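Colleague: The structure under discussion is supplied below as structure tokens; questions concerning it will follow.
The values are calculated or read from the model by the stated rules, or taken from the named source; none is laboratory data. Because the structure is a prediction, the values reported are computed rather than measured. Don't worry about glycine lacking a Cβ; one is built from the backbone with ideal geometry, like all the others, and counts go over all protein chains shown. For the accessible areas, the whole protein counts, side chains as well, though only heavy atoms, and no ligand, DNA or RNA atoms are used. Shrake-Rupley method; radii C 1.70, N 1.55, O 1.52, S 1.80 Å.
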Amino acid sequence: MSLWRSLFVAASLLAAPLNLAHAQTPQTVKAKNVVLVHGAWADGSSWSEVIPILQAAGLHVTAVQNPLSSLSDSVEATKRALAEQDGPTVLVAHSWGGTVISQVGTDPKVTGLVYVAARAPDANEDFVALSKQFPAGPARAGIVERDGYTKLSEEAFLKYFANGVKPEQAKELYAVQWPTAASIFAGRTTEAAWRSKPSWYAVSKNDYTINPDFERFLAKRMNATTIELDAGHLSLVSHPKEVANLILDAAGYPRS
């Protein structure tokens, strides 16, 4: 072998580790904080089973009291919560709250997004039209509107929205369901944070509010790390450990 060929082979071997390093998948950024955003017909207490698990792992947790009066109001409430965080933060949403974190999640503090049986709109997307490509869940038939705000009837809430939740707990959640402006469901985001931030998704296989196949479609579209739970729409209540573990994964913490 000539001297020049020997030098070329040696240089190639030295360069190989650098090329491999560039090919590696970036590691999850370890977060300090978690901000939780609830969805329609709920309040911050819907996260009450998940919060202690995250706190026990050492995370600082904030549950946004999402006003549900308009998309802009909900976005501003979540931005205020993010502004209070002092470092890397995982942003988590349930149900309609996914619309909010898709808008707000471009904040530099946000290191990852977790969607729990949640909407995940693209920027300026007609999400109502998109959802019509999948059969509607029976919970929708129980929507009652008054003065521009909606709630779920007791039957629809207990039977379809909170299916899989202990009956006494479901009744408590029904009692605190927050009126939701009818207008928010057609609200469009100007951002799609999941296009630039790592994402995780928990599909509820027994969901009667958002079609599980629609959830799978959204998770696949965002290339999210996905789990499937034998749960109804309120998996954060009926399966808090599994939901918390997905959030811990996103935050770079060991599972509980």
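Colleague: Give segment 41-98 a look and list any residue that's open to solvent by 30 Å² or more (accessible area, probe 1.4 Å), more than 25 Å from H233 (Cβ to Cβ) and under 17 Å from the mean Cα position of the chain (by Cα), or say none.
Modeller: Correct list: K79, P88.
Colleague: Could we say that V110 is in contact with a Leu (Cβ under 8 Å, 6 or more places away or on another chain), open to solvent by 50 Å² or more (accessible area, probe 1.4 Å), within 24 Å of S70 (Cβ to Cβ) and among the hydrophobic types (A, V, I, L, M, F, W, C) here?
Modeller: The answer is no for V110.
Colleague: Within segment 179-198, restricting attention to residues that are buried (at least 19 other Cβ atoms within 10 Å of the Cβ) and among the polar types (S, T, N, Q), which residue is nearest to the chain's Cα centre (by Cα)?
Modeller: Restricting to residues being buried (at least 19 other Cβ atoms within 10 Å of the Cβ) and among the polar types (S, T, N, Q), the top hit is T189.
Colleague: Further question: Looking for something in contact (Cβ under 8 Å) with a residue 60 or more places away in the chain, more than 27 Å from E228 (Cβ to Cβ) and within 22 Å of the chain's Cα centre (by Cα) - is there at least one such residue anywhere in segment 164-178?
Modeller: Yes, that holds for at least one residue.
Colleague: Here's a follow-up. Select, from G112, G98, G105, the only residue that is closer than 17 Å to V203 by Cβ and either free of Cβ contacts under 8 Å to residues at least 24 places away in the same chain or of a type outside the set (A, V, I, L, M, F, W, C) (or both).
Modeller: After ruling out the rest, the residue left standing is G98.
Colleague: What are the residues in segment 213-242 that are in contact with a His (Cβ under 9 Å, 6 or more places away or on another chain) and assigned to a helix (DSSP H, G or I), if any?
Modeller: Once the filter is applied, which keeps residues that are in contact with a His (Cβ under 9 Å, 6 or more places away or on another chain) and assigned to a helix (DSSP H, G or I), segment 213-242 yields S235, L236.
Colleague: Another question, if that's okay. Got a sec? Which helices (runs of 4 or more DSSP H) wholly within segment 64-163 have at least 1 residues that are in contact with a strand residue (DSSP E or B) (Cβ under 6 Å, 6 or more places away or on another chain)?
Modeller: 71-83, 97-104
Colleague: Go through segment 165-178 and give me each residue that's in a helix (DSSP H, G or I), of a type outside the set (A, V, I, L, M, F, W, C) and open to solvent by less than 60 Å² (accessible area, probe 1.4 Å).
Modeller: Selection gives Q169 alone.
Colleague: Scan segment 143-164 and tell me whether some residue there is open to solvent by 80 Å² or more (accessible area, probe 1.4 Å) and within 25 Å of L91 (Cα to Cα).
Modeller: no
Colleague: When you check Y201 against the structure, is it under 16 Å from S95 (Cβ atoms) and open to solvent by 40 Å² or more (accessible area, probe 1.4 Å), yes or no?
Modeller: no
Colleague: Another question about this same structure. Taking the conditions exactly as written (under 20 Å from H38 (Cβ atoms) and β-branched (V, I, T)), does T226 satisfy them or not?
Modeller: Against the criterion (under 20 Å from H38 (Cβ atoms) and β-branched (V, I, T)), T226 does not qualify.
Colleague: Determine the pairs where a residue that is in contact (Cβ under 8 Å) with a residue 40 or more places away in the chain, located within segment 74-90, has a partner that is open to solvent by 40 Å² or more (accessible area, probe 1.4 Å) and aliphatic (A, V, I, L, M) with Cβ atoms under 8 Å apart, the partner being 6 or more residues away or on another chain.
Modeller: P88/V29
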